[in-house]
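Here the structure comes first, spelled out in structure tokens, and everything after it is commentary.
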Amino acid sequence: MQVGVLSERVDGERRVAVTPESAKQLIAAGLEVLVEAGAGVKAGLPDSAYTEAGAIVQNSVDLSVLDVLCHVRPLTAAQVAELHRGAITVGLASPSTELATVKALAAGGITSFALELVPRISRAQSMDALTSQSLITGYRAVLEAATRFSRFFPLYMTAAGTIPPARVLVLGAGVAGLQAIGTAKRLGARVSAYDVRPASADEVTSMGGTFVHLDLDAVEGQGGYARELSEDRALRQQQLLTPHVAGADVLITTAAIPGRAAPLLVTTEMVAGMRPGSVIVDLAAETGGNVEGVLPGVDHQVPTTVGDGAVTLYGLKDAASDMATDASRLYAKNVSNLIELMTAEGEVAPDFDDELVAGTCLTHDGQVRHAPTAAALEGD
Ligand SMILES: NC(=O)c1ccc[n+]([C@@H]2O[C@H](COP(=O)([O-])OP(=O)(O)OC[C@H]3O[C@@H](n4cnc5c(N)ncnc54)[C@H](O)[C@@H]3O)[C@@H](O)[C@H]2O)c1
């Protein structure tokens, strides 16, 4: 069977869904790997590395011959239309927003696997692209903050005087938040963090952070994810967070609710209450933002009310793509692990009795199998 990968078509996307290393894994499973020339170049992976791994590099890959298409960003309906009935796709599909593509996948009889849907069970960890990519965004967010901050992160005691450590507050302690805590800690900052899920308190502590306990009831949804707060509780959370935000030099926000817009945790008034020179990096900027007024990829200055000056507010964008080499290394491994799981004797044949395979499948045999997406399409 033929597995293919193209260079990503979305502007600014540098990652690639198959690396030479993951191609080797697919070839060892009995599959043939076709790579569009230049597909890995922006991730630092030249065509020659794919050829050495045993893949076939082609100037243009004919989508209609592929049995499996691997991708990073959601496919377009036009790309889907080129695939043959029964073809398989594996990649991020953003089912809640890319409904036109979902329709095309179902209409074309494509068996699509959306990596956002990988169930949160321990057996699925090696296929969990949200986790692998969040690791990168959490790390990157801290570096972006550090370069915008005009002070050191660590404590320095020098002959010329003592420099106190930066105080970093992380809101949302999921995969990205924990990575941000660890990175800020390694840079020497004093780190505290808050999450609405009580289970995260121990994880924050184990990363070297101090958990901020708010006088607010715990909220935990299904599968270890958070649930949306009611309007009253969201408001109460903002009030309780206000002094913690005001005391931070650097604020990193990472809160998310699967399939929903990001929750608003920090209002403009709260930002204005921070000291001049403070820095905020909002990881949720691309899904609406945790901080009022944030825009993805944009730095802006919010005047403070506690002194002359401003707070820098930056909306993180394409962070994983900006670290395309390691992001691709992890992502491609997630993809090849999932394909390998479904492959026996050189045939990719998904077993829908396996909860991991069934849970990750978005469309199959003309049907949208992911119930929330099917419901969204009905209301479309
Ligand atoms: N295979 C696995 O078992 C597996 C894989 C990855 C993650 N997980 C677990 O899943 C959970 C969610 O992780 P994630 O990084 O995907 O989450 P996520 O990206 O959906 O959200 C990020 C964080 O924001 C928090 N949040 C949401 N609303 C908030 C609010 N109003 N205030 C403060 N925080 C808020 C969430 O609780 C979460 O910790 C974690 O417990 C993680 O360890 C399990």
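The values are calculated or read from the model by the stated rules, or taken from the named source; none is laboratory data. This is a predicted model, so every value here is computed, not measured. As a convention, Cβ positions derive from the backbone with ideal geometry for all residues, glycine included, and neighbour counts pool all protein chains shown. Note: accessible area is taken over every heavy atom of the protein model, side chains too, but ligands, DNA and RNA are not part of it. Shrake-Rupley method; radii C 1.70, N 1.55, O 1.52, S 1.80 Å.
Observations
- P(r) tail fraction, segment 20-105 - alpha-carbon pairs more than 16 Å apart, %: 57
- Computed FRET value (nearest 0.05) for Q125 with A159, which takes r as the C-beta separation and R₀ as 45 Å: 0.40
- Ratio Rg/Rh, restricted to the chain and using Cα atoms, in which Rh is the Kirkwood radius: 1.01
- Efficiency of FRET from Cβ geometry, D202 and I27, R₀ 30 Å, rounded to 0.05: 0.10
- One Cα centroid belongs to segment 305-347, the other to segment 233-289; the line between them spans 22 Å.
- The order of I257, I163 by accessible area, most exposed first and with a 1.4 Å probe, is I163, I257.
- With bins 10 Å wide beginning at 0, the percent of Cα pairs of segment 61-114 falling in each bin runs 28, 64, 8.
- Here r is the Cβ-Cβ distance between R9 and S94 and R0 is 22 Å; the resulting FRET efficiency, rounded to 0.05, is 0.90.
- Computed accessible area, T287, all protein chains, 1.4 angstrom probe, square angstrom: 80
- For the chain: relative contact order, % (alpha-carbon pairs under 8 angstrom, 6 or more apart): 19
- Backbone HN-Hα couplings from phi across segment 246-258 [Karplus 6.51/-1.76/1.60, Hz, Gly and Pro as x]: 4, x, 8, 8, 10, 10, 10, 10, 9, 6, 8, 10, x
- Rolling a 1.4 angstrom probe over the protein heavy atoms with all chains in place gives the chain an accessible area of 44 Å² per residue.
- Relative contact order for segment 138-321, counting Cα pairs under 8 Å that sit 6 or more residues apart, in percent: 19
- Going by accessible surface with a 1.4 Å probe and the largest first, E98, E228, E13 read E228, E98, E13.
- Stokes-Einstein diffusion for segment 193-340, with the hydrodynamic radius set to the Kirkwood value over Cα pairs and evaluated at 4 °C in a medium of 1.567 mPa s, equals 77 µm²/s.
- Of the accessible area of segment 138-321, computed with a 1.4 Å probe over protein heavy atoms only, carbon and sulfur atoms account for 54 percent.
- Sum of side-chain charges, P119 neighbourhood, beta-carbon under 12 Å (Lys, Arg +1; Asp, Glu -1): -2
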